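Asks: Dropping the structure in here first, questions after.
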Amino acid sequence: MHLQCRSLLNNTLVFCQIISVCFMTWKALTLWTNTPYPAMVVITESMAPAFRPGDILFMSNHDGNVAIGDLPVCWPSGRSYPMVHRVVRVFFANMCRQFILTKGDNNLVDDTMLYPDGQEYLHRNEIIGFVRGYVPFLGWFFIILQNPSRLRDIAMLF
C-alpha cells in the first residue's frame, strides 16, 4: 500500500512538472516575442491561399509603425477572437497616430465591417503581433479538439 501511494505521488509530481514546464515555456515565448499569443491556428479561409485553416502561425510584435503588406494579428475591441489580415492602407493623423486598414486576401472587400461600430480603421494598439512564419496543417489537431464536427473538413482535403 505504501509503495503504491508513493508511486502515485511520484507520477503526479512528474505530471505537474511537465505541465509547469509547458506554462513556463509559453510565458518565456510571450516575453521573447513581445506578444501575449506567440502562436495561433488559422480557422477561416479569409487569407487563402497564403494561409488556410489548420495552419499554425508564429508571431512576434514590435513597437514600430505598420507598413502596407504587413500581416498584423488584430484584436479589435468587442471581438471574441483575433484576425490576421493584410494591411492595404496606412496613414497618420496629426503626425503621431497611425490608422490601419486591413483586408483578407480571399475577401472581396476590406475589413471595415469587422471593426467596432463607427470605427473605419484599426489603431496600432489593437495589433497584438505580426506573422513571422507558419507551419501548414498541424493546427487541425487543435481545431478538432475544440470542434469535432470539423473532422469532415479534413476529409475534404484528401
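The values are calculated or read from the model by the stated rules, or taken from the named source; none is laboratory data. Keep in mind it's a predicted model, so treat the numbers as computed, not measured. We place every Cβ from the backbone using ideal geometry, glycine too, and count neighbours over all the protein chains shown.
Asks: Check L8 against each of (1) farther than 18 Å from F130 by Cα; (2) of a type outside the set (F, W, Y); (3) assigned by the TED database to the domain that holds Q146 and name the one condition it does not meet.
Replies: (3)
Asks: Considering only the range 95-113, I want to know if a residue exists there that is crowded, with 16+ Cβ neighbours inside 10 Å, aromatic (F, W, Y), in the same structural domain as E45 (by the TED database) and touching a Gly at 6+ places or on another chain (Cβ under 6 Å).
Replies: Within the range 95-113, not a single residue is crowded, with 16+ Cβ neighbours inside 10 Å, aromatic (F, W, Y), in the same structural domain as E45 (by the TED database) and touching a Gly at 6+ places or on another chain (Cβ under 6 Å).
Asks: Another question, if that's okay. I'd like to verify a number: residues in the range 96-113 that are within 23 Å of P53 (Cβ to Cβ) and touching a Cys at 6+ places or on another chain (Cβ under 9 Å), how many?
Replies: Of the residues in the range 96-113, 2 are within 23 Å of P53 (Cβ to Cβ) and touching a Cys at 6+ places or on another chain (Cβ under 9 Å).
Asks: Can you name the condition, by its number, that Q98 falls short on among (1) assigned to a strand (DSSP E or B); (2) at pLDDT 95 or above?
Replies: Result: Q98 passes all but (2).
Asks: Of these, Y134, Y115, which one is of a type in the set (S, T, Y) and in contact (Cβ under 8 Å) with a residue 60 or more places away in the chain?
Replies: Y134
Asks: Spot the failing condition for V109; the list is (1) in a loop (DSSP other than H, G, I, E, B); (2) more than 27 Å from R150 (Cα to Cα); (3) without any contact (Cβ under 8 Å) to a residue 40 or more places away in the chain, and only one is missed.
Replies: So V109 meets the others, but not (2).
Asks: Regarding V131, is this residue over 19 Å from A39 (Cα atoms) and at pLDDT 95 or above?
Replies: Judged against the criteria, V131 is not a match.
Asks: Return the residue satisfying two criteria in turn: it lies in the range 11-50 and is of a type in the set (G, A, S) and free of Cβ contacts under 8 Å to residues at least 60 places away in the same chain, and of such residues it is nearest to D153 (Cα to Cα).
Replies: So, considering only residues that are of a type in the set (G, A, S) and free of Cβ contacts under 8 Å to residues at least 60 places away in the same chain, the one nearest to D153 (Cα to Cα) is A48.
Asks: Right, something else. Considering only the range 64-77, I want to know if a residue exists there that is touching a His at 6+ places or on another chain (Cβ under 8 Å), among the aliphatic types (A, V, I, L, M) and farther than 16 Å from I128 by Cβ.
Replies: Within the range 64-77 (the criterion being touching a His at 6+ places or on another chain (Cβ under 8 Å), among the aliphatic types (A, V, I, L, M) and farther than 16 Å from I128 by Cβ), the answer is no, since none of the residues qualifies.
Asks: Now, a different point. So N125 fits all but one of (1) part of a helix (DSSP H, G or I); (2) among the polar types (S, T, N, Q); (3) closer than 18 Å to R52 by Cα; what number is the exception?
Replies: Of everything listed in (1) part of a helix (DSSP H, G or I); (2) among the polar types (S, T, N, Q); (3) closer than 18 Å to R52 by Cα, N125 misses just condition (3).
Asks: Just for the range 137-149: of the residues that are of a type outside the set (A, V, I, L, M, F, W, C) and without any contact (Cβ under 8 Å) to a residue 24 or more places away in the chain, which one is farthest from P38 (Cα to Cα)?
Replies: Looking at residues that are of a type outside the set (A, V, I, L, M, F, W, C) and without any contact (Cβ under 8 Å) to a residue 24 or more places away in the chain, I get S149.
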